[in-house]
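The values are calculated or read from the model by the stated rules, or taken from the named source; none is laboratory data. Predicted, not measured: the structure shown is a model, and the values here were computed from it. Cβ placement follows ideal geometry from the backbone for every residue including glycine, while neighbour counts extend to all protein chains displayed. Areas reflect the complete protein model, heavy atoms only, side chains present, ligands, DNA and RNA absent. Shrake-Rupley method; radii C 1.70, N 1.55, O 1.52, S 1.80 Å.
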Amino acid sequence: MKKSIPVHLRPFTAHQHYNAYSPIDHAVWRYVMRQNHHFLEDIAHDAFTTGLKSSGINIDSIPKVSEMNVHLDKIGWGAVIVDGLIPGTAFFDFQAHGILPIATDIRQKTNIEYTPAPDILHEAAGHAPILFDETYSKFVKLIGNIGANAFATKEEHEVFEATRHLSIVMERPASTEEEIEAAKQQLKEKQQLVKGLSEAEQISRIFWWTVEFGLIGELHQPKIFGAGLLSSVGESKHCLSDDVVKRPFTIEDAIATGYDVTSMQAQLFVCESFEQLIKEVTRFGETMAFCTGGTEAIEKAIASSQIAHIEYNSGIQITGLFTDILKDADGKAIYVKTTGPSALSIQNEQIDHQGPDVHNTGFGAPIGKLAGGIRLEDQTEQSLKKLGIEINKMMQISFESGIEISGHVTNLLFHQDSLILITLEECLVKRGDDILFHPTWGTYDLAVGSQVVSARPIAADYVSFHGEAVMNEDDIQKEGKALIPLEHLYAEVRHIRESNFSQDVLLHSIAGKILNEFPEEWLLQLEVLELLEKHDPESPLKKLLLDQLEKLSKEERYVRLIQNGLDVIFDRRHVTV
């Protein structure tokens, strides 16, 4: 059974365009996967190495996400292609629903060891295999649910856009050093405008130091489980060296520690077990606005400058752009306002005639008990009459906060024995001399509730509020471009490998072209050397290629890449980290 994609997440989906991957793209995938299989066998968490076999991921070629889905479905997960970096709430929400978001692109060969941009190597090869561990899978869904409900600030939304821009620039082949530096500077400037730690930033840090860059087990001899480490040749080796400080994981320490997406990590956290992570993240989730409600939750909704909804203890939900809050002398919220299209819902379903078409200029509602400590939401029709609240009659009530409401009652709406809404005509809402709603403004719908118990960064009824969201349909199937000469060579080598025989004459011809026309093409030289080692280990071509690779190794940018490749070809495990 294919995982159903929630309506509000469909706009973030894309297509894989599998035929657009070049022979070089497949060679990059193969290099990293062979490196990881070779190096990670003894240092990765067991769930990763066993999960690689269960996930259906092929070492030799980029996987088709449709085929991955078949394997993931067996554990109650699915996968969906997304177009690069997506908003944090959407990224987390996919995982909360048991859907792994996978970026369409694959890193350039120049960024083969590490890239800050989301790519299929990181998300398919890094995230998917370990999901086959039941406890870890539970943890990812848990942190996904918490992240999907985390509020960010307006400044953080701008940081996201700057991060997205940087990742695009860094992976674009035509980008200049000046453009990359300008994008980094823009990100830095946006980051400097962020004050404090929002819920979104806190959960982002927890996710980074666990799901992305987590270590597990013994502090001085941990194993790798973070996808950022598992999918990065350079980072996986670097992380176990003495250059990287290892610290025991605590949720407070993880939240207090920032990270840099553009470079390898200088320190990492080691957790005891996946059970520890579940326990700690559950505890953290209980402190968030969607669990605690109250004045602080409303303030987080206002600071986000995004569509959100709050829920009263009666069950009624208000969706809109929250902009204002009135407080009493103790700093407690007593009235809340939205600006622009707003809506009222119950159990995430919009109430009839209470949508953004009706409340198109904003909405306001009191919070608290009536004078005398009366909770309006607890009243029956009979007890409401005693309070002077009856359909087709004028009413006048006062709240403990000093807010007074008078008007002609036209409707009372209950849900599961709780009063949730009173509709009034000729209504006046005021606090002292401050007019909060005037009779000339039309109908007033009084949302009933003495407490705000939750706030979330999304419309309560997404479809009714935003309209029917559709899949991001890109019907133009991108086909592979005509191969350039270098890509032709990669394709020929791949064909020889897949045909499983040496083709000595063709290999000699290819090697000659590489050495004469592409002497710096280290990855292709390694691929040819691998075939020679398998089919013709005494070939004089081996020495020619090894000599050229040795020359290239004198350049710092190539030395580690070539050494790692040779270690795999000759099955050398004595890797220095």
Legend entry - Ranked by how many other beta carbons lie within 10 Å on average, peptides 240-246, 512-518 from highest: 512-518, 240-246
Legend entry - Principal-axis tilt of helix 134-148 within the chain, Cα atoms, nearest 10 degrees: 50
Legend entry - Label-point separation in nm, Glu400 to Asn58, each point 7 Å along Cα→Cβ: 6.7
Inset, instruction - Place the peptides 231-237, 381-387, 141-147 in order of packing, highest mean first, counting for every residue the other Cβ atoms within 10 Å and averaging per peptide. - result: 231-237, 141-147, 381-387
Legend entry - Computed FRET value (nearest 0.05) for Ser273 with Val70, which takes r as the C-beta separation and R₀ as 30 Å: 0.50
Inset, instruction - Show that you can apply the helix-only estimate: for the chain, add -39,500 (n - 2.57) for every DSSP H stretch of four or more residues, divide by all residues, and state [θ] at 222 nm to the nearest 500. - result: -12000 deg cm²/dmol
Legend entry - Point-charge dipole on Cβ atoms (K/R +1, D/E -1) for the stretch 325-445, about Cα centre, debye to 20: 280
Inset, instruction - Determine, for each peptide in 76-89, 333-346, 401-414, the mean count of other beta carbons within 10 angstrom over its residues, then list the peptides with the highest first. - result: 333-346, 76-89, 401-414
Legend entry - Net length gained if the chain between Val7 and Glu426 were fully extended (0.36 nm per residue, minus Cα distance): 146.9 nm
Inset, instruction - Return one number: the angle in degrees, 0 to 90 and rounded to the nearest 10, between the long axis of the Cα atoms of helix 154-171 and the longest principal axis of the Cα atoms of the chain. - result: 20
Inset, instruction - Of the DSSP beta bridges with both residues in the stretch 147-306, give the percent that are antiparallel, rounding to the nearest 5. - result: 40
Legend entry - Heavy-atom surface of the chain, accessible at 1.4 Å and reported per residue (Å²): 45
Inset, instruction - Calculate the spin-label point distance for Asp433 paired with Ile391, positioning each point 7 Å from the Cα along the beta-carbon direction, and give it in nanometres. - result: 4.0
Inset, instruction - Keeping the other protein chains in place, figure out the carbon and sulfur percent of the accessible area of the chain, with a 1.4 Å probe. - result: 50
Legend entry - Global geometry of the chain, whether rounded, prolate or oblate, following the gyration tensor of its Cα atoms and the 1.5 cut on a/c: prolate
Legend entry - Virtual spin-label span in nm between Thr282 and Leu193, 7 Å along Cα→Cβ: 4.0
Legend entry - Tilt relative to the chain, helix 522-535 - C-alpha long axis, 0 to 90 degrees, to 10: 60
Inset, instruction - Give the calculated FRET efficiency between Thr361 and Glu296 to the nearest 0.05, with a Förster radius of 30 Å applied to their Cβ-Cβ distance. - result: 0.65
Inset, instruction - For the stretch 65-189, state what percent of all Cα-Cα pairs lands in each successive 5 Å bin, counting from 0 Å until the bin that includes the largest distance. - result: 2, 11, 18, 19, 19, 15, 10, 5, 2, 0
Inset, instruction - Could you please report the charge total around Gln317, scoring K, R as +1 and D, E as -1 over all other residues with beta-carbon less than 14 angstrom from its beta-carbon? - result: -4
